[in-house]
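The structure under discussion appears below in the form of structure tokens.
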Amino acid sequence: MTVAIVVLNQRSVSLARQVAQGCADGVIYGLDRRTTGVDVSFSEFGPTLRSLFEQGTPIIGICAAGILIRSLAPLLGNKAQDPPVVAIAEDGSTVVPLLGGLQGVNDLARQIAQILQVSAAITASGEIRFGTTLLSPPPGYRLLNDPDQAKGFIAELLAGAMVRFETHPSPSQEGITHPSPSQEGITHPSPSQEGRLPEWLQQSCLPWSNEGALRLVVATEISPDIRPGHRCLVYEKLPQRGHLAIVGTGPGSAQWMSPQVQRTLLEATDWVGYKTYLNLVESLRSPSIQRHESDNRVEGDRARQALDLAATGRRVVLVSSGDPGIFAMAAAVFEVLETRKNPDWQEVEIEVCPGISAMQAAAAQVGAPLGHDFVVMSLSDILKPWSVIESRLQAAAQGDFAIALYNPVSKQRIWQLDQAREILLQWRSPATPVVLACNLGRTGQQVRVKPLAELTAGDADMRTVILIGSSQTRQVQSGEGRPWVYTPRTYDG
């Protein structure tokens, strides 16, 4: 769904762009007399805002909260139908959800606050005290109570009443007391055991008690026995397909992460990945997102774990650095899908979200060494024999391709890079430029250029990507004296 980001002056446009990158389908609306470079221009603020509101479009206003409220006041009537409306201070210091509490405005405000690295000013009493919005359940659940019933329930909750959790049907179907027509809900022995609570309720601060006067029922089947009321909230658990997104976060710097990947990470229920890669995006993780970390050498196990989690209906993100389709987890997932044939995985929706690769980031640091035809290879012989690597290196060198080398050296593999250099020197000049880029986008980033003849195993490790020029690759100096490396686009046969 489109999110309208409304700005009134040029100063706010850059902030709007930042917010739009983290919001799915964000469209920037700008006042035509005061803004340029926006997606949609408008001439009248009030009519434009009211039109968006009446269409059910979520609105983010980078302006004073008062002007938003006064403009929309004539339309306010049905709280259950109000779309989300959020105000952001012009300097990005404050994010305030104003309207649309039943349509996820607080979640939208938190998402924006994470993008801007500030706190959202949540003021809803129930959510502040209990850590959840009972009137706006997460995707996969539907509240069956009418608004008056739900308000009565929350009023008693805020007054100090305790809550009993119930499921329907129960796991064993034993101990259910079918109510008389005047009763609300279904009772079940020991209903508040945490293992039966949906995760969003486990993470809440609701006052659970087996003797609670209020009842909260989660039902996978709706029957006449379930009666929503002022003292009983009933949620229908909807059939839900699991979703697995395989994402690339880029080499390391947050500024190299795509808006699509950021959104996917924020919307997940679970992150799966190598510990180091999960640490790179930890600042984006909310407490509701479960983190599943593992060692770097268990790609198959990681892929199976991610598919198993998604098969239960969860939104899972499998995290790779760089691009997930280049020596990373996307191939591992599809290998597992092909070889394991688990029927539970067949209903999982799979998405691959691209990222900036290490070779792209390395090339950008020095210019354009991959400006003509190039080959990408891994020097790791864990998944293929060295004889194959050797023959491919020879073919790439003889074909005069620029070459990007991944996984050049590890603690166990210290001779392959020296051997690769000797193979390449059969066809390349000893002065061929070689780019060594380590810890790209992270603390300790190093980028060096040296001649091929001087390349040694001591120059690299598993965090290094190496770019080796073709016979046409050149070094030039810019006006400020900085050396650049590039490969011309043309090639004389």
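The values are calculated or read from the model by the stated rules, or taken from the named source; none is laboratory data. The model shown is predicted, which means the values in this text are computed figures rather than measured ones. Here Cβ is always computed from backbone atoms with ideal geometry, including for glycine, and neighbour counts include all displayed protein chains. When the accessible area is computed, the model is the full protein with side chains, heavy atoms only, and any ligands, DNA or RNA have been set aside. Shrake-Rupley method; radii C 1.70, N 1.55, O 1.52, S 1.80 Å.
Quick look at the values:
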item: Accessible area in the full protein assembly, largest first, 1.4 Å probe, for Tyr277, Tyr491; result: Tyr491, Tyr277
item: Residue-averaged 222 nm ellipticity for the chain, from DSSP H runs of 4+ at -39500 (n - 2.57), nearest 500; result: -7500 deg cm²/dmol
item: Sulfur and carbon atoms: percent of accessible area, the range 11-134 [1.4 Å]; result: 47 percent
item: 5 angstrom amide H check on Ile350, placed H, neighbours 5+ away; result: Leu244
item: Under 10 Å, Cβ to Cβ, from His243 - net charge with Lys/Arg +1 and Asp/Glu -1; result: 0
item: Solvent-accessible surface (1.4 angstrom probe) belonging to Met462, in square angstrom, nearest 10; result: 90 Å²
item: ³J(HN,Hα) computed for each position of the range 310-323 - Karplus, 6.51 cos²θ - 1.76 cosθ + 1.60, integer Hz, glycine/proline x; result: 5, 5, 8, x, 8, 9, 10, 10, 9, 9, 10, 7, x, 9
item: With all protein chains modelled, accessible area of Glu338 [1.4 Å, Å²]; result: 130 Å²
item: Local electrostatic count at Leu266 - Lys and Arg +1, Asp and Glu -1, tallied over other residues with Cβ under 11 Å; result: +2
item: Separation between Cα centres of the range 433-474 and the range 349-410, rounded to whole Å; result: 12 Å
item: Label corresponding to percent of Cα pairs over 39 Å apart when calculated from the structure given, among (i) 37; (ii) 24; (iii) 41; result: (iii)
item: Accessible surface ranking that places the most exposed of Leu266, Leu424 first, with a 1.4 angstrom probe; result: Leu266, Leu424
item: Partners for Lys151 among lysines (Cα-Cα distance below 22 Å; same-chain residues under 8 apart left out); result: Lys79, Lys237
item: The range 266-312: trypsin sites (Lys or Arg not before Pro) in DSSP coil with no more than 10 other Cβ atoms inside 10 Å; result: Arg297
item: Separation between Cα centres of the range 256-325 and the range 81-154, rounded to whole Å; result: 26 Å
item: Most to least accessible of Ser357, Ser391 (protein chains only, probe 1.4 Å); result: Ser391, Ser357
item: The range 196-219 and the range 52-80: distance between their alpha carbon centers, rounded to Å; result: 33 Å
item: Approximate spin-label separation Lys384-Phe334, in nm, with each point projected 7 Å along Cα-to-Cβ; result: 1.5 nm
item: Derived scalar couplings ³J(HN,Hα) [the range 485-493; Karplus, 6.51 cos²θ - 1.76 cosθ + 1.60; whole Hz; x for Gly, Pro]; result: 10, 8, 10, x, 6, 9, 9, 8, x
item: Neighbourhood charge, 15 Å Cβ-Cβ cut-off, centred on Gly22 and excluding it, Lys, Arg +1 and Asp, Glu -1; result: +1
item: Karplus-derived HN-Hα couplings along the range 259-268 (A = 6.51, B = -1.76, C = 1.60, θ = phi - 60°), whole Hz, x at Gly and Pro; result: x, 4, 5, 4, 4, 5, 5, 5, 8, 7
item: Distant-in-sequence amide H partners of Ala402 (H built 1.01 Å from N, under 5 Å); result: Val375, Ser470
item: Charged-residue dipole, Cβ positions (Lys, Arg, Asp, Glu), the chain about Cα centre, Debye nearest 20; result: 860 debye
